[in-house]
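> There's a structure below that I have some questions on.
The values are calculated or read from the model by the stated rules, or taken from the named source; none is laboratory data. All values reported here derive from a predicted model rather than from experimental measurement. A quick note on method: Cβ atoms are made from the backbone with ideal geometry, for glycine too, and the neighbour counts reach across all protein chains shown. For the accessible areas, the whole protein counts, side chains as well, though only heavy atoms, and no ligand, DNA or RNA atoms are used. Shrake-Rupley method; radii C 1.70, N 1.55, O 1.52, S 1.80 Å.
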Amino acid sequence: MYSKEEKLSLLSEMVQFAKADKKLKEEEYNFILAVASQLGVTKEEIDLLVTKEVDKKSLQPESQRILQFHRLVLLMNVDQEASLSEIRKIKEMGLQMGLRPEAIDTVLETMHDYPNKVIPPQELVSIFTRFYN
């Protein structure tokens with residue numbers, strides 16, 4: 001599904017986002033490791049990404065960008081603390097991915113309706129579908 005470069009780009013983006021509040025917390029690191037494992041990327045490769053960013057790859061199709069945005073929302077909430085800087089950063093990243101601002105804002109509002117702010121994937125898809133029709 002993803003090339004090696006795309007996988008590293010996704011994970012690098014997650015690492016940089018996790019460091020938005022100037023520190024990479026253990027919960028965030030463990031979440032990134034779990035995603036990396038699903039993608040077939042090693043802990044050693046993640047540890048390299050913590051110290052060195054890789055070139056960003058644009059994801060196609062849009063469904064992959066929505067999935068990556070969902071990962072970022074989950075990452076932001078893994079420590080149960082979404083700072084204002086994280087909220088600003090995730091909005092900026094969503095826009096850079098080409099996602100609709102209304103959909104981004106709705107996701108960030110709706111996440112509070114779910115336990116641990118974990119929006120079910122079908123709800124996330126429903127939100128994006130609403131704004132793209």
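> So Val50 clears everything in (1) more than 30 Å from Ile127 (Cβ to Cβ); (2) surrounded by fewer than 15 Cβ atoms within 10 Å (Cβ to Cβ); (3) in contact with a Lys or Arg (Cβ under 9 Å, 6 or more places away or on another chain) except one condition, right? Which one?
(2)
> Now, a different point. What's the total number of residues in the range 12-43 that are open to solvent by 50 Å² or more (accessible area, probe 1.4 Å) and of a type in the set (Phe, Trp, Tyr)?
0
> Name the single residue that is modelled with the lowest pLDDT among those in the range 1-44 being among the small types (Gly, Ala, Ser) and under 17 Å from Leu59 (Cα atoms). Give the steps one after another, and end with the answer.
To start, the set of residues in the range 1-44 that are among the small types (Gly, Ala, Ser) comprises 3, 9, 12, 18, 20, 34, 36-37, 40.
Still in the running and under 17 Å from Leu59 (Cα atoms): 3, 9, 12, 36.
Values: Ser3: 89, Ser9: 93, Ser12: 95, Ala36: 96.
Once the filter is applied, the top-ranked residue is Ser3.
> Related question: Go through the range 110-133 and report how many residues are within 17 Å of Ser63 (Cα to Cα), open to solvent by 90 Å² or more (accessible area, probe 1.4 Å) and assigned to a helix (DSSP H, G or I). Steps first, please.
Step one: list which residues in the range 110-133 are within 17 Å of Ser63 (Cα to Cα), which gives 119-133.
Adding the requirement that they be open to solvent by 90 Å² or more (accessible area, probe 1.4 Å) leaves 122, 130, 133.
Retained after the next criterion (residues that are assigned to a helix (DSSP H, G or I)): 122, 130.
Final tally of qualifying residues: 2.
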